[in-house]
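Comments concern the structure below.
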Amino acid sequence: MAKVHFHYSTMNAGKSTSLLQSNHNYEVRGLKTYLFTPKADADMYHGSIHSRLGLEKKANIFEESFEFDKYFLDKKDEKIACILIDEAQFLTSKQVKELCLVCDKLNIPVMCYGIRTDFRGDLFSGSAALLAYADTLIELKTICEYEGCARKATMIARYTDGKIVTEGQQIDIGGDKYKVFCRKHYRKLTNLI
């Protein structure tokens, strides 16, 4: 029985690398996969899923209006081994439900990779839905960037011109604008929690 998996972490924990490795494992066995990345990320990376280690792979692009259920129900006769979604926090709640339907109805595993919270500590809608509906939750871990700290990073802080930003739009693409911290140091730096 297929399942929906949510692999989550802060930034810089290797989510895209893990996704690309999983996809590679299917491909070397001659199995068909579908990879997806959100338009916001695709625009920056030319339609590819990329990792900081230099790995990349072309992917299908989704926007808020994309309907996963219709897309895959039209492909029900294909032998699809897995659907892999990068930056899954950008899914809508409706899209997560559609992916769950595809998994349940067509027996196709769905592997989603993304972050839980934004720079203010608020859940992304896609992440909230995945935390609610996914069959398995897998945390990928990384270390707090505060000097001398070795605790697990659970929070993301956004920087502009070297200063922490605590207000603004939820989405601002670009890994170099963010640092990850444990909750203790995130609180100390942002005063948001």
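For every residue, the table says whether it meets (1) of a type in the set (A, V, I, L, M); (2) touching a helix residue (DSSP H, G or I) at 6+ places or on another chain (Cβ under 8 Å); (3) under 20 Å from L84 (Cβ atoms); (4) crowded, with 22+ Cβ neighbours inside 10 Å.
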site	(1), (2), (3), (4)
L130	yes, yes, yes, yes
Y133	no, yes, yes, no
R151	no, yes, no, no
M155	yes, yes, no, yes
G168	no, no, no, no
K179	no, no, no, yes
C182	no, no, no, no
Y186	no, no, no, yes
N191	no, no, no, no
Enumeration of residues in the stretch 32-58 that are of a type outside the set (S, T, Y), modelled with pLDDT of 85 or more and within 14 Å of the chain's Cα centre (by Cα) | L35, F36, P38, K39, I49
Please enumerate the residues belonging to the stretch 9-58 that are assigned to a strand (DSSP E or B), farther than 17 Å from I115 by Cβ and of a type in the set (F, W, Y).
-> Y34
Does at least one position in the stretch 128-149 carry a residue that is within 20 Å of S65 (Cβ to Cβ) and touching an Asp or Glu at 6+ places or on another chain (Cβ under 6 Å)?
-> no
Under 6 Å between Cβ atoms, at least 6 apart or on separate chains: pull out the pairs that start in the stretch 1-28 with a residue that is over 21 Å from L131 (Cβ atoms) and end on any residue that is among the charged types (D, E, K, R) and surrounded by fewer than 18 Cβ atoms within 10 Å (Cβ to Cβ).
-> none
Using beta carbons and a limit of 8 Å, which pairs, at least six apart or on different chains, have the first residue in the stretch 164-193 and touching a residue at least 12 places away in the same chain (Cβ under 8 Å) and under 17 Å from A13 (Cα atoms) and the second one part of a strand (DSSP E or B) and of a type in the set (S, T, Y)?
-> K177/Y159; K177/T160; Y178/Y159; K179/Y159
Do we find a residue being exposed (fewer than 13 other Cβ atoms within 10 Å of the Cβ), modelled with pLDDT under 95 and farther than 19 Å from S93 by Cα anywhere in the stretch 69-76?
-> yes
If you scan the stretch 77-101, which residues turn out to be among the basic types (K, R) and either at pLDDT below 95 or in contact with a strand residue (DSSP E or B) (Cβ under 9 Å, 6 or more places away or on another chain) (or both)?
-> K79
Checklist (1) buried (at least 22 other Cβ atoms within 10 Å of the Cβ); (2) closer than 11 Å to F36 by Cβ applied to Q89, failing item = (2)
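The values are calculated or read from the model by the stated rules, or taken from the named source; none is laboratory data. All values derive from a computational prediction rather than experimental measurement. Neighbour counts run over all protein chains shown; Cβ positions are idealised from the backbone, glycine included.
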